[in-house]
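Taking it in order: structure first as structure tokens, then the write-up.
What follows is calculated from the coordinates using simple rules that are stated; it is not laboratory data. Predicted, not measured: the structure shown is a model, and the values here were computed from it. Every residue, glycine among them, receives a Cβ derived from its backbone with ideal geometry; neighbour counts consider all protein chains shown.
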Amino acid sequence: MNAYDNQLPAGHAQEPGPEHAPSRKEDPIDLAASVYEHGWGPETTAPARADAPAQASRPVVPGPVVSGPVVPEGFLPRPIGPGPSAVREPHGADGPAVVAPAAGAVTAPVPPAGAVPTGAATAPGGVVRPPSFREPGPLDHIGRKAPAYPAEPTDIPAVPGGDLFGALLPDTVVDGGRFGPVTVRAASVRGDGHRYAAECRQDAVLVVRTGELLLVAVADGVGSQSHSHHGSHGILRMLTRQVAQKAETLLAFLRSGAELDFASLTSRLIAEAADQLAEEARKEGRPPKSYSTTLRALLVPADPAVPFRGFVSVGDGGLLRLRGGGWQNLEAAEAGEGGALISTRTDCLPEAYEHARARLITDTRPGDLLVLCTDGLALPLLKEPELQGWLGERWGSAVPGLAEFLWQTQVRVRSYDDDRSVVCLWEAAP
């Protein structure tokens, strides 16, 4: 029996895992060594302080043994902020529990009239919840049937072959901030398939500024290659180095709208980054092909008067825009009829690609949302209208907090179990 057998929603029969998922390999790290070999054992006791006052011994009266967590009497968690991960009072059968504040307790002030944004709600304790807020609970899923995988990570990955970098990669990364005219939210989440197989996350995400230029990017390691997680994270590092060296020139091209010059320069920068990634693979004694990864990046000036955004990519993924409640696939013309972004052959770095695709987004408007993502999110977002509506409702109403954004990006869709990485750029409203 698996550890998550009891986690399926009521009414859903247990389904077997995918046949393609590899079996769990043995952890290469030797766990047989004693944890007390350096004297960190239960026999080690701290010496008594010389100035400690002597205390009279008291008889020890054994108390009752209680199973479960020990909670101080009268203790209940308080709200600590908006978002799905916030701690709140437990709800009973008759609604939210009402707990009187303890004597001397400090309570949050109630916001004055007019201080709460339109559509927002005020929770007990004066915490303002955005219009997109919903009570925490299991991750939502799109479609009639829930995915067969468990909704949360189960096993801890241990990459075979002593790959320490892969073993240390976290399951989930979230980032964000404000830069010039845009508000940024970014997340990279290990897919259900990799969680089930106890494999590391192969996607990578980047949010970095260099001077007056913001660089955001996502990379998707090719699943069939053994060290593609090195490639996805490595190409973002190499690209950042290249962009930092040419930041002023790139900014000048964006200011003037020189699309051909921008495309020519960014193509050279990606070629340089790819060469450096291939050399890094060789130094590690690995073929560059094993580092295969896709790449998608956006460059945004800090000056609000510059409406142009630079886009460059190699391989599949998505670049979409949410405007006025409707989704636009900004690569539909390049991808062909239907906007399909995935073919039987996918360009990838560092070697298996013909050229980088680069252009300027010249029609940016205040209030737009640009979504840059790997195919783990691009495919369901393009193919599932229900997911378009679900995310459009939440991302089109207000900029979510980091925790709320992470929870939203993990909405599950059956049959889509790949890693997903996404960067959202909200243009300042008029």
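Report the gain in length on full extension from Ser256 to Ala332: 0.36 nm times residue separation, minus Cα-Cα distance, nm rounded to one decimal.
Details: separation 76, 0.36 × 76 = 27.36 nm, distance 2.56 nm.
Between Ser256 and Ala332, full extension yields 24.8 nm more.
Among Ser397, Gly166, Ser232, whose Cα lies farthest out toward the positive end of the dipole of segment 141-427, if unit charges sit on the beta carbon of Lys, Arg (+1) and Asp, Glu (-1)?
Checked the options; the winner is Ser397.
Around Asp368, with a cut-off of 13 angstrom between Cβ atoms, what is the net charge of the other residues, counting Lys and Arg +1 and Asp and Glu -1?
+2
Hey, if you drop one equal point scatterer on each alpha-carbon of segment 277-430 and run the Debye formula without solvent, what base-10 log of I(q)/I(0) do you get at q = 0.12, 0.20, 0.21 Å⁻¹?
Listed by q, the Debye log ratios stand at -0.58, -1.35, -1.44.
Order the peptides 231-241, 289-299 from the highest to the lowest mean number of other Cβ atoms within 10 Å of their residues.
289-299, 231-241
Could you sort the peptides 272-282, 220-230, 415-425 by per-residue average Cβ neighbour count (10 Å cutoff), highest mean leading? If you can, show how the numbers build up before the last one.
Details: 272-282: 18.8, 220-230: 21.5, 415-425: 23.5.
Most protected by this proxy first, the peptides run 415-425, 220-230, 272-282.
Rounded, prolate or oblate: which fits segment 141-427, taking a ≥ b ≥ c as square roots of the Cα gyration tensor eigenvalues, rounded meaning a/c under 1.5, else prolate when a/b beats b/c?
It is oblate, given that a/c is not under 1.5 and a/b is not larger than b/c.
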